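Participant: Please see the structure below; I have some questions.
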């Protein structure tokens, strides 16, 4: 078999998520050092516990916000139902930090974290997220549909429940295929097993207290009973940590000779430090975060190392979570275009108070921060009556050769006559009416044809089929059709175009249209005639949409 055939064999249809060669859960295996390592036993190693707990706690405690995209900047979408789930309480039994900390722990230990989405029965909105233990979840790909699905073990009885891709929030770590993450502990089990072996060696070494650091010699020959009595006496009186410094009494001419520690045992502490660094490398954890200050601190301060920790260690994990939330919790392309999730890491990047205040003074004097901006970063309330909104501008900062900035502002241009403005706005609106009507007609045509096909297949479950159609298929299509038309209208009609208006009005049009269509279908006595008359609504809907957008612009 040639090289190309072997490569194609790797990517054949059977190479899927449920292929044990690549994606099987990590099963405890005995390492070369003799220690058995899995995600549970590895947490008994202090370095593993510290690395995972530090990262999980930082991910859990950082503020997480849902934002609305604006034309310039962003604002918190506190009215969106997902905001409360991510920021405050993901489910009735867990706080936001507990949930995110648990998810981070699963991801850092197993390489995957899962949460089941609980949705309401009406609009399909997420109302809770429930974490799933990774060792109780299996990932498969359906060989006929190629869709990903999950088998979740419900309890110890072995009963399993199948969940679709849409029902599970799944965030994988480093992966061969991007779908199922590799277990860091499973891949690094030899390094962790070595640390476990050193821990056991040290415990046994100090626990026995009879290390042959001394030799007791007797001038005569001892019989078996005398030898046993002597050993029992030494063990009972001097073995163990609590008896290691007692005075030893010798008789019958016995002598005590002290031995040095063998070189291999003298390196015990160095070996422990090396394994600490080995485990820190797995999670890219700076040693000072593990209370190891003797190495690597000569050329940089702790503050600089902390900054490197945020940028190089913490940020990649945060981005994994943000992308997972954006992709899997925001339901449609239209919603993802309008909203996004982001962590606030500014608190971890703060320097000491002297450095911060010097930076604030520079920003304030050069005019790119006002007093209220600075107070917000310091967790203080704004000044009353808008006094903190004033920005400074250095008078001497102008282009070379330019005249000085006049102290008196020039008079504003004369406003456009109201009659001329109304005429101009009328013709602008009239020119866009055909665009609105054409886009809405295409939406109505596709909507009517799809509903006709559903009606032919319905067997008494017409309401359920209508709900499913509007929840899963229609929203994205209508949003994609209307967004560019509304965007062009806003940019032509408004003197200060705003992306928030475009996103909001697109979202409002689609949601209002879906509600109106559902009401018509539910109240219709003759469905066929109602569907045939769908296209006649295009002109009315176009006018309503343009009026609503115009009113929003003029607010």
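Participant: Test of understanding: what is the full-extension gain from residue 393 to residue 174, defined as 0.36 nm times their sequence separation minus their Cα-Cα distance? Write out the running numbers ahead of the final one.
Facilitator: Working: separation 219, 0.36 × 219 = 78.84 nm, distance 4.81 nm.
My answer for the length gained is 74.0 nm.
Participant: While we're looking at this one, here's another question. At a threshold of 8 angstrom on Cα-Cα distance, excluding pairs fewer than six apart, so keeping six or more, what relative contact order does region 424-554 reach in percent?
Facilitator: Rounded, it is 40 percent for region 424-554.
Participant: Using a Förster distance of 22 angstrom, determine the FRET efficiency expected from the C-beta separation of residue 456 and residue 535, and round it to 0.05.
Facilitator: Efficiency, from the Cβ-Cβ distance: 0.70.
Participant: Continuing with this model, one more query. Based on other C-beta atoms within 10 Å, arrange 354, 387, 160 from fewest to most.
Facilitator: By the 10 Å Cβ count, ascending, the order reads 354, 387, 160.
Participant: Next question. Compute the FRET efficiency between residue 488 and residue 311 as 1/(1 + (r/R0)^6), taking r as their Cβ-Cβ distance and R0 = 35 Å, and round to the nearest 0.05.
Facilitator: About 0.30, to the nearest 0.05.
Participant: I need the peptides 508-517, 532-541, 187-196 ranked by packing, meaning the mean over residues of other C-beta atoms within 10 angstrom, with the highest value on top.
Facilitator: Averaged packing, sorted descending, gives the order 187-196, 508-517, 532-541.
Participant: Now, a different point. Ranking request for peptides 217-225, 91-99: highest mean number of other beta-carbon atoms within 10 Å first, then the rest in descending order.
Facilitator: Details: 217-225: 9.6, 91-99: 14.9.
With the highest mean Cβ count within 10 Å placed first, the list reads 91-99, 217-225.
Participant: To the nearest 0.05, what FRET efficiency results for residue 135 and residue 57 with a Förster distance of 25 Å applied to their C-beta separation? Don't skip to the answer; put the middle values down first.
Facilitator: On the way: r = 22 Å, r/R0 = 0.87.
Calculated transfer efficiency: 0.70.
Participant: Continuing with the same structure: What is the order of 176, 305, fewest Cβ neighbours within 10 Å to most?
Facilitator: Ascending Cβ contact count within 10 Å gives the list 176, 305.
Participant: For labels at residue 512 and residue 72 in the simple 7 Å Cα→Cβ model, what's the distance in nm?
Facilitator: Using points 7 Å along Cα→Cβ, the separation is 2.9 nm.
Participant: Right, another one. How far is it, in nm, from the label point at residue 79 to the one at residue 550 when both lie 7 Å from their Cα along the line to the Cβ?
Facilitator: Once both label points are built, they end up 2.4 nm from each other.
Participant: Arranged by the count of other C-beta atoms within 10 angstrom, fewest first, what order do 503, 488, 41, 495 take?
Facilitator: 495, 488, 41, 503
Participant: Where in region 122-150 does the label zone of residue 165 land, with the point 7 angstrom along Cα→C-beta and an amide N cut-off under 15 Å?
Facilitator: Residues 139-150 qualify, since their backbone N sits under 15 Å from the label point.
Participant: Continuing with this model, one more query. Each label point is 7 Å from the Cα along the Cα-to-Cβ direction; what then is the distance between the points at residue 468 and residue 221, in nm?
Facilitator: Taking the simple label geometry, residue 468 and residue 221 are separated by 9.5 nm.
Each reported figure results from applying straightforward, stated rules to the coordinates on display, with no laboratory input. All values reported here derive from a predicted model rather than from experimental measurement. When we count neighbours, we look across all protein chains shown, and the Cβ atoms used for this are built from the backbone with ideal geometry, even at glycine.
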